[in-house]
1. Would you check which residues across segment 165-197 are within 16 Å of ligand 3 (Cβ to nearest atom), β-branched (V, I, T) and either assigned to a helix (DSSP H, G or I) or farther than 21 Å from T372 by Cβ (or both) and list them?
2. Of these, K187, K111, K118, which one is touching a Leu at 6+ places or on another chain (Cβ under 6 Å), surrounded by fewer than 18 Cβ atoms within 10 Å (Cβ to Cβ) and modelled with pLDDT of 95 or more?
3. Give the number of residues within segment 89-109 that are more than 16 Å from ligand 1 (Cβ to nearest atom) and within 24 Å of G183 (Cα to Cα).
4. Can you name the residue in segment 76-108 that is of a type in the set (D, E, K, R) and within 14 Å of ligand 3 (Cβ to nearest atom) and, of all such residues, is surrounded by the fewest Cβ atoms within 10 Å (Cβ to Cβ)?
5. In segment 240-287, what residues are closer than 14 Å to K300 by Cα and hydrophobic (A, V, I, L, M, F, W, C)?
6. Mind counting the residues in segment 39-60 that are touching a residue at least 40 places away in the same chain (Cβ under 8 Å) and either in a helix (DSSP H, G or I) or among the small types (G, A, S) (or both)?
7. Note down all Cβ pairs under 6 Å where the first residue falls in segment 198-215 and is more than 16 Å from ligand 3 (Cβ to nearest atom), the second is acidic (D, E), and they're at least six residues apart or on different chains.
8. Just checking: which of the strands (runs of 3 or more DSSP E) contained wholly in segment 307-414 hold 1 or more residues that are among the small types (G, A, S) and more than 16 Å from ligand 1 (Cβ to nearest atom)?
Amino acid sequence: MDIAKWLNRDRLRRRLEELATIGAQGVNGITRLPFTKEEREAMTLVKSYMEEAGLKVHYDDFGNLYGVLEGSDPEAPKVMSGSHIDTVVSGGAYDGTVGTLSAIEVLQTIKENNLPHKHSLEACVFVSEESARFGGGTLGSKAFVGDFTRDDLDKLKDPSGVTLSQALLEWGYNPDNIEYVKGDPSKIKCFVELHIEQSVILEANNIPIGVVDQIAAPTNMRLTLNGRAGHAGATPMELRKDAFLGAAEIALEIERLANTMGKETVGTVGEIYVDPNAINVIPGKVTIGIDIRDVTAARKEKLFNEVLKYIDEVAKKRGLTTELDIIANQVPEKTDKKIVDIISSACRKLDIPYMNITSGAYHDALNMARITDIGMIFVPSKGGISHAPDEFTSFDDIYRGAQVLSEVLYELAK
Ligand code: GLV
Ligand code: MN
Ligand code: MN
């Protein structure tokens, strides 16, 4: 069966281009933040693609979207594939969308060509994968694997104070139904996600396909430092409690610590809110968003503990008080060896060079690994750039990825 030859290249390209218009801001890239009207609009468009594909489509009570193509054995566990369509602020057109639309293209091709398969196939779009709004990401897949209690939905807040519960209500979903979002692991055979690499390894090696063997995990937290606002001219330096300077020291120490731990440990302060944020007022209160990641859980824990220790030291030294909100503290996961072999065989069959690769970014697959076998396929990112307007993957590379995905999904569903 040569399913890879039957994919509709033009249709996939057209859908990618059409989806990229939602939230487009010219040179500032694309902004479709979690649970905003832009993400909603993109979901509605993708739902229409699922309908065109002849899939049975539904949303769950968290706003995740599913399109099912039934197999010949309704009792057999389903093969799932998909990704997300939200973006960071001023993000690119490929992160998440490539895997989402390719999964739909594969299912549509199987349906159009009446290719027999025992297991049902399900294309899915998880909402709110990016941490750009709530400080923690992969929210849709976390809900799907049963990570959230009703209380958690009230605790997660965006910077303007809107809780995840309120965002759900605004979208017409009832947060009290969070229990029903949970997928039944006994009904799932596996989850495979195609994604852009978001780093430089494939490009540097001139290899078009990465077969992911492990996924780094994040610890995300928001730290508030409370000092004392005051006059920027009249307050002597020794009498200040400058919350911003505390935050600056912590950010620099995170960089230093991550550098001492090796190449797979990274730490970022990508978010800062300064209060009152005026040029002639000493910052009285600062909140920073901290993101640390590693493929080794123990090393991430070590970095995490050293960061906590340093926060205490700085607070004492500068007379600041602190409030720490740990939003996510996840463990890295390996992909399934059998699926790695199936992806590798598909590449050999299609005569596409491939290599094993680690994902430094996290993905919905990281959560899915806790309830089922997972696989991930990477395609190159130009210059390794992602989460930025310059994010780019050539359509030839995307199409090759979709072809590999088609062989893999069909093999798993046979
Ligand atoms: C998800 O996009 C991440 O931040 O890795
Ligand atoms: Mn992303
Ligand atoms: Mn992504």
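The values are calculated or read from the model by the stated rules, or taken from the named source; none is laboratory data. Keep in mind it's a predicted model, so treat the numbers as computed, not measured. Positions of Cβ are backbone-derived with ideal geometry, glycine not excepted, and every protein chain shown enters the neighbour counts.
1. Residues of segment 165-197 that are within 16 Å of ligand 3 (Cβ to nearest atom), as a first pass: 191-197.
From what's left, β-branched (V, I, T): 192, 196.
I196 - this is the single residue of segment 165-197 that is within 16 Å of ligand 3 (Cβ to nearest atom), β-branched (V, I, T) and either assigned to a helix (DSSP H, G or I) or farther than 21 Å from T372 by Cβ (or both).
2. Every option except K111 fails the conditions.
3. To start, the set of residues in segment 89-109 that are more than 16 Å from ligand 1 (Cβ to nearest atom) comprises 101-109.
Add one more test, that the residue is within 24 Å of G183 (Cα to Cα), and what stays is 101-108.
Summing the residues that are more than 16 Å from ligand 1 (Cβ to nearest atom) and within 24 Å of G183 (Cα to Cα) in segment 89-109 gives 8.
4. Looking only at segment 76-108, we keep the residues that are of a type in the set (D, E, K, R), and these are 78, 86, 95, 105.
Those left that are additionally within 14 Å of ligand 3 (Cβ to nearest atom): 86, 95.
Numbers: D86: 32, D95: 28.
Ranking the qualifying residues of segment 76-108, first place goes to D95.
5. Within segment 240-287, I254, L257, A258, M261, V266 meet the criteria.
6. Count: 10.
7. Hits for this filter: P208/D397.
8. The qualifying strands (runs of 3 or more DSSP E) are 373-379.
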